[in-house]
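Just so it is clear, none of the values below were taken in a lab; they were calculated from the coordinates. Computed from a prediction, not measured in an experiment: that's the story for all the values here.
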């Protein structure tokens, strides 16, 4: 009986000692923007040297456009479990209808235990069991991407250009 009374007292004081603090919505918006930016960056890293296939509805032909010249959109996210989310992404270019990325390294992205991993319809890469492999693979891909960006002479998507300037990869 003493244990029961002690338990009730601890619960009562524990619940009453929690302060009602207002929720800072700017932090949650900031973290969502940061996550969206991180997802976009990863998508560019994995697919930077690929071409997006767009259908030109005026000329009725397929057009190849470098991925880094296209705007990325996060279409949808699917919560698979409490620690994993899949993201569906697509590319945008005014006047074109997006089809797919030729030879894509990442068709989409997933967030698994805080790591952002590429997903592909061409095969299964089991990064979930080896989170260190995810980080290593991303660092290698990011190094190649940075070199590619520094040497790229074409047009960059405005978001990507701003991000590359912010990361001090390209000059203003």
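For region 29-166, what class follows from the C-alpha gyration tensor (a ≥ b ≥ c being the square roots of its eigenvalues): rounded when a/c is under 1.5, otherwise prolate if a/b is larger than b/c, else oblate?
On the way: a/c = 1.64, a/b = 1.42, b/c = 1.16.
In terms of gyration-tensor shape, prolate.
Only Cα pairs under 8 Å and at least 6 apart count here; give the relative contact order of region 29-166 as a rounded whole percent.
Numbers: 202 pairs, mean separation 32.7, N = 138.
With pairs under 8 Å counted, the relative contact order is 24 percent.
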